[in-house]
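Below: the structure, in structure tokens.
The values are calculated or read from the model by the stated rules, or taken from the named source; none is laboratory data. Keep in mind that this is a model prediction, so the values were computed, not measured. Cβ: placed from backbone, ideal geometry, glycine included. Neighbour counts: every protein chain shown. Each accessible area value is taken on the protein alone, full model and side chains, heavy atoms only, with ligands, DNA and RNA left out. Shrake-Rupley method; radii C 1.70, N 1.55, O 1.52, S 1.80 Å.
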Amino acid sequence: MKTTSDFVAIGDITTDAFIRLKDAHVHTNLDEDKKEVCLSYGAKIPYESVTVINAVGNCANAAVAAARLGVSSALISNQGDDELGSIQIKVLQKEEVSTKFITSHPGKKTNYHYVLWYGDERTILVKHEEYPYYMPDIGHPEWLYLTSLGESSIEFHSELEAWLETHPHTKLAFQPGTFQLNMGLERLAYFFKRAEVLFVNKEEASLLLKDEPSSNSATLAKNLQKISGKIAVVTDGPVGAYFAIGENVWFIPPYPDPRAPFERTGAGDAFSSTFIAALSLGLSLKEAMLWAPINSMSVVQKIGAREGLLNRSEIKHFLAHAPKNYKPKKV
């Protein structure tokens, strides 16, 4: 059976409530080289607004991005049989993402996350509900896009590994979530080796490789590519992204922001899924590298991970007006 979808994303779906803070400050933890958002303990903290966005999460963001670019996409996910779950199905169907592989579990709640939004950055309070994960019959898609799953998915990863073994022509894109990153390279070795394309940011690459955060992103990409054997991508925020392909590492700068970023949720999802969608549309690796940062740039101009996602003609418009130095470079 050939599925009607060429891009099938798999992961946990959620509703995000963006709480825009006004009375907070950012503190740098020198011991851990991390920034922390700080609020007065035991106080009443005023906020500016709350914006609720349904049907998001790494997998949903990726599926919508692919659909808007004209790639037939579907989503394998789980949710509750509550009102939020019904809303999420409607949102995805409106985006022309197939929902036939989404299971609504009786008596279960739909994932609901709180996003503390301060400045142009966000801190997300997450809670993954426990669902009985299983692999449905999805036929033989061109791409399977695996991303964030909850802690109850350990056994499901084994089921997914068996499925991939029996579908050698389906290419795997792997954008590991927090729990998968904590499982590490050894426990998920199959997926890192099987992945046609692996996507992580610089901090995640350092965690996987047990390197210092100051390690060079190009080196991190090359070292991950040795493990995966195919394409390893390390994104480095406003610096750009590094693609380790074969014996070479390529760098693509960010597409220039038309104005300061408004809110950064979903930028990484837009980048990764757009790269895969471009390949699915038959573009070359270098062309896909050019497409990915454009969608990422657009997403950070809006609230949440979905509103700023572009269609194919919009991507081409930005590409036609790109500065001369916007091109992949070998490093």
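Of V197, V50, V26, the residue with the greatest mean-square motion in the GNM of the chain, using alpha carbon springs below 10 Å, is V26.
Only protein atoms count toward the accessible area here, which uses a 1.4 Å probe; on the chain, the carbon and sulfur part of that area reaches 51 percent. Across the chain, C-alpha contacts under 8 Å between residues 6 or more apart give a mean separation that, scaled by the residue count, equals a relative contact order of 16 percent. Taking each residue as 0.36 nm, the span from K22 to S215 lengthens on full extension beyond its C-alpha to C-alpha distance by 66.1 nm. First check a/c for the stretch 56-205, with a ≥ b ≥ c the square roots of the eigenvalues of its C-alpha gyration tensor; if it is under 1.5, answer rounded, and if not, answer prolate when a/b is larger than b/c or oblate otherwise. In terms of gyration-tensor shape, rounded. The trypsin sites (Lys or Arg not before Pro) of the stretch 256-305 meeting both criteria, a DSSP state outside H, G, I, E and B (loop) and at most 14 other C-beta atoms within 10 angstrom of the site's C-beta, are R259. For the chain, the 222 nm mean residue ellipticity estimated from helices alone, with every DSSP H stretch of n ≥ 4 adding -39500 (n - 2.57) and the total spread over all residues, rounds to -10000 deg cm²/dmol. For the stretch 255-331, the set of chymotrypsin sites (Phe, Trp or Tyr not before Pro) satisfying both a DSSP loop assignment and a count of at most 16 other C-beta atoms within 10 Å is given as F262. Taking the DSSP bridge list for the chain and keeping only pairs wholly inside it, about 50 percent are antiparallel. Rounded to 0.05, the FRET efficiency of the N182 and K44 pair, given R0 = 25 Å and the Cβ-Cβ distance, is 0.15. A DSSP coil position with no more than 16 other Cβ atoms inside 10 Å describes the following chymotrypsin sites (Phe, Trp or Tyr not before Pro) in the stretch 107-173: Y134. Relative contact order, whole percent, for the stretch 108-255 stands at 14, derived from Cα pairs under 8 Å and 6 or more residues apart.
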